[in-house]
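Undergrad: Quick one: this structure, given as structure tokens, is what I'll be asking you about.
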Amino acid sequence: MTTIDREIDQLVREELRGRSPYGAPQLAVPVRLNTNENPYPVPAPVVAQVAEAVAAELAGLNRYPDRDAVALRTDLADYLGHGLTADQVWAANGSNEVQQQLLQVFGGPGRTALGFTPSYSMHPLLAAGTGTTWVDGQRGEQFDLTAEATAAQVREHQPAVVFLCSPNNPTGTALPLPVVSAVLAAAPGIVVVDEAYAEFARPGTASALTLLPEHRRLVVTRTMSKAFGFAGGRLGYLAADPAVVAAVQLVRLPYHLSALTQAAARAVLAHAPALLASVTALKEQRDRLVTELRARGLAVADSDANFVLFGGLGEQQPVWRALVDRGVLVRDVGIAGWLRVSAGTPAETDAFLTALDDVLKEQR
Ligand code: PMP
């Protein structure tokens, strides 16, 4: 990959200088468990429906698409339930774009965004890209966030935007709703709860969607990239107060969601149960990973997501490399001694555990 040379680097905005682009390695190894993708291909009957829906748009591509994507937002609202309607939902090309739009509207120069590290690495990058000052909030020893500690940091920094992530990437654990409520009570501005992995939550874990009726400054972001297995389709969305949705439209590019994306996403949503069938299988592999890794004496964070963070590895980098050498790609998220592995098919879990046992045997 070409690097940014000195001459061009001097022209780059100061807050972006010296940074690396988002870059999960895309290596051609047999077992890829590093980006929390859904390992199951789109089922054949759904492929046929998506192809038909996309084909129906083709002759009309001489025209711009529905700028406000109303039909798609209506379908997304129906999927979410909780009595939500299209005017409370907004969609874009992945939840990354949704979050970027939120920072363009509610963050920006002279404003601060607060998140709690370790969390999704794009949140600070999106802040940098929008000129928003980023503050790294602190978690407890076990990556935990208590209502008191979290609210105290919000009061200290008075952020225009707070990012919570539930279930949190990379730790996997969902936030108890009282923590979200405490942050909402303390925050002067927008509170974003990134629920990219909500569909994988363990029973008894409530979504922040339930808090929307009482909180106008709450925004819940979701994606079709994970549970729906539609990462390549690029469709993320948010649920919020209609006025927040109206404000986001100030910064969206005209016709940002192509007619093809809108049609494909609607066809996929029409088959939600068929696609979400894989969630049960993935949760089984997730729980299996937690049990198996704990049985090996490793530290494992509770997971409500389709991935598991495991630690007690000594230096994680050589372990990551040794796994790649055995054809298994997991994620080094930069936490000393810890690695993250996505839940895949049962055969992929087998391959990962076999490779890990081999590596640990060599290490111990
Ligand atoms: N939020 C979190 C917590 C994520 O892990 C991801 C994907 N890795 C995203 C948002 C972005 O997903 P997308 O843009 O595909 O919707």
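Only the coordinates and a few stated rules stand behind these numbers; no lab work does. Owing to the predicted nature of the structure, the values given are computational and were not obtained by experimental measurement. Glycine also receives a Cβ, built like all others from the backbone with ideal geometry; neighbour counts cover every protein chain displayed.
Undergrad: List 280, 112, 150 from most exposed to least, where exposure is judged by having the fewest other Cβ atoms within 10 Å. Walk me through the numbers before you get to the answer.
TA: On the way: 280 9, 112 17, 150 24.
Fewest-to-most Cβ neighbours within 10 Å comes out as 280, 112, 150.
Undergrad: Restricting to DSSP H runs of at least four residues, report the calculated mean residue ellipticity at 222 nm for the chain, -39500 (n - 2.57) per run over all residues, nearest 500 deg cm²/dmol.
TA: Calculated from helices alone, the mean residue ellipticity at 222 nm is -12000 deg cm²/dmol.
Undergrad: If I build a Gaussian network model for the chain, linking alpha-carbon pairs within less than 10 angstrom, which residue out of 347, 187, 92 has the largest mean-square fluctuation?
TA: Checking each option, the largest mean-square fluctuation is seen for 347.
Undergrad: For the chain, take every pair of Cα atoms, bin their distances at 10 Å starting from 0, and report each bin as a whole percent.
TA: 5, 23, 31, 27, 12, 1, 0
Undergrad: While we're looking at this one, here's another question. Which of 120, 46, 259 sits farthest toward the positive end of the charge dipole of the stretch 44-272, with +1 on the Cβ of Lys and Arg and -1 on the Cβ of Asp and Glu?
TA: Most positive-ward Cα: 259.
Undergrad: Which far-off residues, 5 or more places away or on another chain, put their amide H under 5 Å from the one on residue 116, with H placed in the peptide plane?
TA: Amide H to amide H, under 5 Å and 5 or more residues apart or across chains, residue 116 pairs with 137.
Undergrad: Of 316, 336, 349, which is farthest on the positive side of the dipole of the stretch 310-364, counting Cα position, with +1 on Lys and Arg Cβ, -1 on Asp and Glu Cβ, and the Cα centre as origin?
TA: 336
Undergrad: I've got another one for you. If neighbour count is taken as other Cβ atoms inside 10 Å, put 241, 194, 358 in order from fewest to most.
TA: 358, 241, 194
Undergrad: Here's something else I'd like to know. So what J values fall out for the stretch 250-263 if you push phi through Karplus, 6.51 cos²θ - 1.76 cosθ + 1.60 with θ = phi - 60°, rounded to Hz, Gly and Pro as x?
TA: Listing the rounded values in order: 5, 10, 5, 6, x, 6, 5, 9, 5, 4, 5, 4, 4, 5 Hz.
Undergrad: What ranking of 338, 134, 90 emerges when the number of other C-beta atoms within 10 Å of each C-beta is taken as an exposure proxy, fewest first?
TA: 134, 338, 90
Undergrad: Considering only DSSP beta bridges where both residues belong to the chain, give the percentage that are antiparallel (nearest 5). Let's see the in-between values first.
TA: Details: 16 of 34 bridges.
In the chain, approximately 45 percent of DSSP beta bridges are antiparallel ones.
Undergrad: May I pose another question? Name the most mobile residue of 15, 141, 284, meaning the one with the largest mean-square fluctuation, in a Gaussian network model of the chain with Cα contacts below 10 Å.
TA: Of 15, 141, 284, the most mobile in the Gaussian network model is 141.
Undergrad: Taking R0 as 35 Å, what FRET efficiency do you get between residue 141 and residue 3 from their Cβ-Cβ distance, rounded to the nearest 0.05? Walk me through the numbers on the way to the answer.
TA: Working: r = 37 Å, r/R0 = 1.07.
Calculated value: 0.40.
Undergrad: Still on this structure, I have one more. Residue by residue through the stretch 329-346, what is 3J(HN,Hα) from phi via Karplus (6.51 cos²θ - 1.76 cosθ + 1.60, θ = phi - 60°)? Round to whole Hz and write x for glycine and proline.
TA: Using θ = phi - 60°, the values come out as 9, 10, 10, 8, 8, x, 9, 4, x, 10, 9, 10, 10, 7, 6, x, 6, x Hz.
Undergrad: Write down Rg/Rh for the stretch 37-105, rounded to two decimals, with Rg from the C-alpha atoms and Rh from the Kirkwood relation over Cα pairs.
TA: Numbers: Rg = 14.9 Å, Rh = 14.6 Å.
Here Rg/Rh amounts to 1.02.
Undergrad: In addition: Apply the Karplus parameterisation 6.51 cos²θ - 1.76 cosθ + 1.60, with θ equal to phi minus 60°, to every residue of the stretch 173-189 and state each ³J(HN,Hα) to the nearest whole Hz, in sequence, with x for glycine and proline.
TA: 8, 7, 8, x, 4, x, 5, 4, 4, 5, 5, 4, 5, 8, 7, x, x
Undergrad: Between residue 194 and residues 5 or more places away or on another chain, which pairs have amide H atoms under 5 Å apart, with H built 1.01 Å from N, and which residues are they?
TA: Answer set, sorted by chain and number: 164, 165, 166, 221.
Undergrad: Between residue 299 and residues 5 or more places away or on another chain, which pairs have amide H atoms under 5 Å apart, with H built 1.01 Å from N, and which residues are they?
TA: 311, 312
Undergrad: Using the Cα centre of the stretch 44-272 as the reference point, and only Cβ charges (+1 on K/R, -1 on D/E), how large is the resulting charge dipole? Debye, rounded to the nearest 20.
TA: Computed about the Cα centre, the dipole is about 280 debye.
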